[in-house]
Amino acid sequence: PFRATMILYRKGASLRVLLRFSGSVLPSAALVATYSAVVAVLLQIYVPEKSLDKIFDDPYPFQPVAHIVGVAIVFATNVAYLRYWESCSSVTYMSARWGDAVATALSFDELRRGGEPADPVERRAAWRERRLSQASILHLASLLHGLALLYLRRDSQGDVASL
């Protein structure tokens, strides 16, 4: 059975992406292009030049081709644009869920069993301990979110310093 997999791109390797064959239309397009090139060469060899000049006097044969190519380019661009915005929406949704989880953890950390201590020194120490705990939760969640974004970027270096 066919299992769809995501195409992984590396940053800074644009020529490698253009020359990649897996997930590419180049192999199937090369077949059509080769057939068209063979037909063009045969026309050039066997059809007299005066006949070829007359064919290109009328712009009508080019109009349908231009319309079809224009629609195909717009369609492909629209699909790529929709994929891009779908990924942006998913990353934004992921970030919002991380934020909700952190807000929930911080609100649970704010609650105390047994109420506030009566002694002002103990109350101040408990407040400081709670704030340090919340800062630790926030710091760890921020690192986790940063690593998730680094994973989504598929950085070739893969180090945290590139964030």
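The values are calculated or read from the model by the stated rules, or taken from the named source; none is laboratory data. Since this is a predicted model, take the numbers as computed values, not measurements. Reconstructed Cβ throughout: ideal geometry from the backbone, glycine too, with neighbour counts over all protein chains shown. Each accessible area value is taken on the protein alone, full model and side chains, heavy atoms only, with ligands, DNA and RNA left out. Shrake-Rupley method; radii C 1.70, N 1.55, O 1.52, S 1.80 Å.
Of all residues in the range 1-51, which are under 30 Å from the mean Cα position of the chain (by Cα), modelled with pLDDT of 75 or more and not hydroxyl-bearing (Ser, Thr, Tyr)?
25, 26, 27, 29, 30, 31, 32, 33
Just need a number here: residues in the range 53-98 that are open to solvent by less than 90 Å² (accessible area, probe 1.4 Å), more than 30 Å from residue 149 (Cβ to Cβ) and aromatic (Phe, Trp, Tyr).
So the count comes out to 0.
If we scan the range 146-157, do we find a residue that is within 22 Å of the chain's Cα centre (by Cα), outside any helix (DSSP H, G or I) and at positive phi?
yes
Hey, does the range 125-132 have a residue that's touching a helix residue (DSSP H, G or I) at 6+ places or on another chain (Cβ under 9 Å) and in a helix (DSSP H, G or I)?
Checking the range 125-132: at least one residue is touching a helix residue (DSSP H, G or I) at 6+ places or on another chain (Cβ under 9 Å) and in a helix (DSSP H, G or I).
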